[in-house]
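One structure below.
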2 protein chains.
Amino acid sequence: MRAETVSVGTELLLGQIVDTNAAALATVLAECGLAQTHRQTVGDNLSRLTAALREALARAEVVVTIGGLGPTADDLTRDGIAAALGDTLVEDPAVVEHLRAQFEKRRIPWVDSIRRQALRPTCARIVSNPNGSAPGLVCERDGKTVIALPGPRNEFVPMLEGPVRDELLRLGGGSAIVSRVLKVVGIGESMVEEKLGDLMAGDDPTLAPYAKTGEVHLRLTTRASSPEQAAARLDPLAAAVRARLGDAVYGEGDDTLESALVSLLRGTNQTVAFAESCTGGGAMRRLTSVPGSSDVLVGGWVTYADEAKSSWLGVSAETLREHGAVSAECAAEMAEGARSRADTTYGVSVTGVAGPGGGTEEKPVGLVFVGLASPGITETHRFLFPGGREAVRERSVQAALAALRAAALGDRSRG
Amino acid sequence: MRAETVSVGTELLLGQIVDTNAAALATVLAECGLAQTHRQTVGDNLSRLTAALREALARAEVVVTIGGLGPTADDLTRDGIAAALGDTLVEDPAVVEHLRAQFEKRRIPWVDSIRRQALRPTCARIVSNPNGSAPGLVCERDGKTVIALPGPRNEFVPMLEGPVRDELLRLGGGSAIVSRVLKVVGIGESMVEEKLGDLMAGDDPTLAPYAKTGEVHLRLTTRASSPEQAAARLDPLAAAVRARLGDAVYGEGDDTLESALVSLLRGTNQTVAFAESCTGGGAMRRLTSVPGSSDVLVGGWVTYADEAKSSWLGVSAETLREHGAVSAECAAEMAEGARSRADTTYGVSVTGVAGPGGGTEEKPVGLVFVGLASPGITETHRFLFPGGREAVRERSVQAALAALRAAALGDRSRG
């Protein structure tokens, strides 16, 4: 079954907003087994909107509109759908009632123009909108279905992911594409492919790797007609991946490296302090984005000037003179200084040349050292990252968090 | 003159990528005076692509395609344009030459399939692509113009903003919409409107405010046929805005609050250190995103635990006991501790409840104190920010940088 999208709004044609709703809808259409071959965007103009809907209905069985359901005179999607389907608009008393109740609850004075939002083609069913006043519509006539959704993202997405996904699933024949994402850190994409090569050759479920900054995400995908069927197909594959990659899988779905790290450290009663130079606090900022990170992070230092490295962290004048601030030696002393001063299980340091200036032949832009002081041992890692200043800083933060995770995992297994 | 866009790519219809190129193009079309009334997206399918182009050419004088110019068999935009215009494809010898030179330079072995990228309709001119192998095309026939651009963003944007903008400007009649953006911090949107109300009533140039996180951006816009004409219209308005808002205007265009702050401190030989709690290093990270920020930032502390606040920064046990870590008193001592230990002109502190947990009736989520220790005086600011954890942290960072700027400006004027 074919589906098309018609996005409505002059602001889209002027480039004032990016049509992220259309991309979200496209994903759901594909997941529900509906083949999208065409997408249109039109402005707030009734004749052009009606023509676009007629074209879409001539090609596809299912048409989804986005936007144009507001209460003002330039919100014309209801009118366009009625015209394209050869239907007329009627006022839905239940919607009027609901709108009145909403206005009373919010203590906003009633304006009669809002009744436009209670109009629907006679063939339409109402889809309730928990986050706004414009209801959605499902219009079925002559074997064609037009689904109308409001444009504001916080209204659109919950409706799409809730009742509209069910409608589309039904229209698509009842089986949906279902995915799980496993997240991997500490080994590169080619090593992942080497370890999982035969599993990646499978047709259903499929297993595909996506390289992210310092991570690899593995998407497991199948087609299933129920959550149980999806689990039955994806769970064995996920278990096989975890068995082969072990601790390199740090999480799944919405997990982030920082949230996994906070959980790991908290679960083993371990703490950390940081000493950051070129990342300027970025590693600590990322860890503290996790609620409850205060259980594991005492704090740390941003030592941008050499003087700060020596007087706050105890990096020796000799190290700075002989090896410079961007060196394994300095990274080690920074990490040890942070660990001893904060009295934590771990001290993590980052020092490097983020650029664009400051690079030399010996120490080029992108050269970064990560130090990790653990109980009884201090290690350092050397990196040469590609990219501009922000890319180098982002990769450095990722490397520091990955090094900390590896150490915390090692200590757990030894403990 | 009317224009339409046809975006080409099955990945768009599957929702795998968001069509940000189409939005960027829409902005340029509007700026060049071309009225866009319709936009289409089609997959990598020759008959559907040709049909979409024919529809667009029936409605508009100018059609711009995005994507489908690669070397593989599913890159069909060249073929579609030729079919829709009733033209045929020829190989362009200069493009073949250029491709061969590129391959040699990059030491990649030549593959003959790449010659597809040298095909063009006979009516087409070549638009060079400095960042990729696929050239763009400008095809003019029977009073219609089709412009073809490659899809990868790093290739698309420079071509759009360079030679293609000139083509579109010519097609639009030579006068373009030109904007300047002045950036304001330290006064709210309603105060800006009060001070600039009469200037905002103007028709040409127009002046419109946009509220950002802790800032207001003012967009000055006119229509002009040359940079000189644009300057003649926008410069007096910009001068009037600056005269009324004074130092609240921190910059223009690509300037950021942090880049303006680094310039201000560097120009007055002033330095700063930070003491961050709830922002976890976010203020320092933002300042250090500016190349050369090491001239003004010595470094600082992330004191997440109370113990770190007292032992690293000297916050008194009494202050923590009597007022708590989230208090004006603690913010003041953190800022003073940072300033004295780092021996800088300023010490800036942030302490607050970022949430989602940790709020109380007396100290709810969103309560944030910013401390600013200057030569001879320490001030604190109290905020109650709305929003979730990341919103509170972002607003707190902005408030800290704004407070630092205000102090640095004050000292400059007194100095």
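Listed values, structure above:
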item: Test set (1) more than 10 Å from chain B (Cβ to nearest Cβ); (2) within 23 Å of A:Arg153 (Cα to Cα); (3) open to solvent by less than 60 Å² (accessible area, probe 1.4 Å) - A:Ala83 fails condition number; result: (2)
item: Among residues of segment A:366-390, those that are under 14 Å from A:Cys278 (Cβ atoms), among the hydrophobic types (A, V, I, L, M, F, W, C) and without any contact (Cβ under 8 Å) to a residue 60 or more places away in the chain, counted; result: 6
item: Selected residue (criterion: nearest to the other protein chains (Cβ to nearest Cβ)) from residues of segment A:56-73 that are without any contact (Cβ under 8 Å) to a residue 60 or more places away in the chain and either at positive phi or surrounded by fewer than 19 Cβ atoms within 10 Å (Cβ to Cβ) (or both); result: A:Arg59
item: Residue check for A:Thr256: closer than 26 Å to A:Met191 by Cβ, within 14 Å of chain B (Cβ to nearest Cβ) and among the β-branched types (Val, Ile, Thr); result: yes
item: Enumeration of residues in segment B:11-21 that are open to solvent by 20 Å² or more (accessible area, probe 1.4 Å) and in contact with a strand residue (DSSP E or B) (Cβ under 9 Å, 6 or more places away or on another chain); result: B:Leu14, B:Asp19
item: Check on A:Glu390, surrounded by 15 or more Cβ atoms within 10 Å (Cβ to Cβ), under 22 Å from B:Ser293 (Cα atoms) and under 27 Å from the mean Cα position of the chain (by Cα); result: no
item: Odd one out for A:Tyr210 among (1) under 30 Å from A:Val8 (Cα atoms); (2) open to solvent by 30 Å² or more (accessible area, probe 1.4 Å); (3) outside any helix (DSSP H, G or I); result: (1)
item: Restricting segment B:288-314 to residues that are within 20 Å of the chain's Cα centre (by Cα) and within 7 Å of chain A (Cβ to nearest Cβ), the residue that is surrounded by the fewest Cβ atoms within 10 Å (Cβ to Cβ); result: B:Pro291
item: Given (1) at the interface with chain B (Cβ under 8 Å from one of its Cβ atoms); (2) in contact with a Phe, Trp or Tyr (Cβ under 7 Å, 6 or more places away or on another chain); (3) farther than 30 Å from A:Pro356 by Cβ, index of the condition A:Val272 fails; result: (1)
item: Members of segment A:5-42 that are more than 25 Å from B:Leu46 (Cβ to Cβ), of a type in the set (Gly, Ala, Ser) and out of contact with any Gly (no Cβ under 7 Å at 6 or more places or on another chain); result: A:Gly15
item: Of the criteria (1) facing chain A (nearest Cβ under 8 Å); (2) open to solvent by 40 Å² or more (accessible area, probe 1.4 Å); (3) part of a loop (DSSP other than H, G, I, E, B), which one B:Arg48 fails; result: (3)
item: Number of positions in segment A:86-114 that are assigned to a helix (DSSP H, G or I), without any contact (Cβ under 8 Å) to a residue 40 or more places away in the chain and crowded, with 16+ Cβ neighbours inside 10 Å; result: 2
item: Tally of residues being surrounded by fewer than 19 Cβ atoms within 10 Å (Cβ to Cβ) and part of a loop (DSSP other than H, G, I, E, B) across segment A:332-351; result: 1
item: Residue in segment B:320-331 that is under 28 Å from the mean Cα position of the chain (by Cα), open to solvent by 10 Å² or more (accessible area, probe 1.4 Å), among the β-branched types (Val, Ile, Thr) and more than 8 Å from chain A (Cβ to nearest Cβ) present; result: no
item: Residue within segment A:187-195 that is at pLDDT 95 or above and aliphatic (A, V, I, L, M) present; result: no
item: Of all residues in segment A:352-384 being in a loop (DSSP other than H, G, I, E, B) and surrounded by 22 or more Cβ atoms within 10 Å (Cβ to Cβ), the one that is nearest to the other protein chains (Cβ to nearest Cβ); result: A:Ala354
item: Residue within segment A:22-42 that is charged (D, E, K, R), open to solvent by 10 Å² or more (accessible area, probe 1.4 Å) and over 26 Å from the mean Cα position of the chain (by Cα) present; result: no
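Matching residues to (1) over 18 Å from A:Val64 (Cα atoms); (2) free of Cβ contacts under 8 Å to residues at least 24 places away in the same chain; (3) more than 9 Å from chain A (Cβ to nearest Cβ):
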position	(1), (2), (3)
B:Met1	yes, no, yes
B:Glu4	yes, no, yes
B:Gly9	yes, no, yes
B:Ile17	yes, yes, no
B:Thr20	yes, no, no
B:Ala24	yes, no, no
B:Val28	yes, no, no
B:Gln36	yes, no, no
B:Gln40	no, no, no
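Per-residue answers, yes or no, for (1) touching a Gly at 6+ places or on another chain (Cβ under 8 Å); (2) polar (S, T, N, Q):
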residue: B:Pro227; (1), (2): no, no
residue: B:Leu234; (1), (2): no, no
residue: B:Ala238; (1), (2): no, no
residue: B:Arg244; (1), (2): no, no
residue: B:Ala248; (1), (2): yes, no
residue: B:Ser259; (1), (2): yes, yes
residue: B:Leu265; (1), (2): no, no
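The values are calculated or read from the model by the stated rules, or taken from the named source; none is laboratory data. Just so it is clear, the model here is predicted, and its values are computed rather than measured. Glycine gets a Cβ as well: all are built from the backbone with ideal geometry, and neighbour counts include every protein chain shown. Surface accessibility is based on the protein's heavy atoms, side chains included, excluding ligands, DNA and RNA. Shrake-Rupley method; radii C 1.70, N 1.55, O 1.52, S 1.80 Å.
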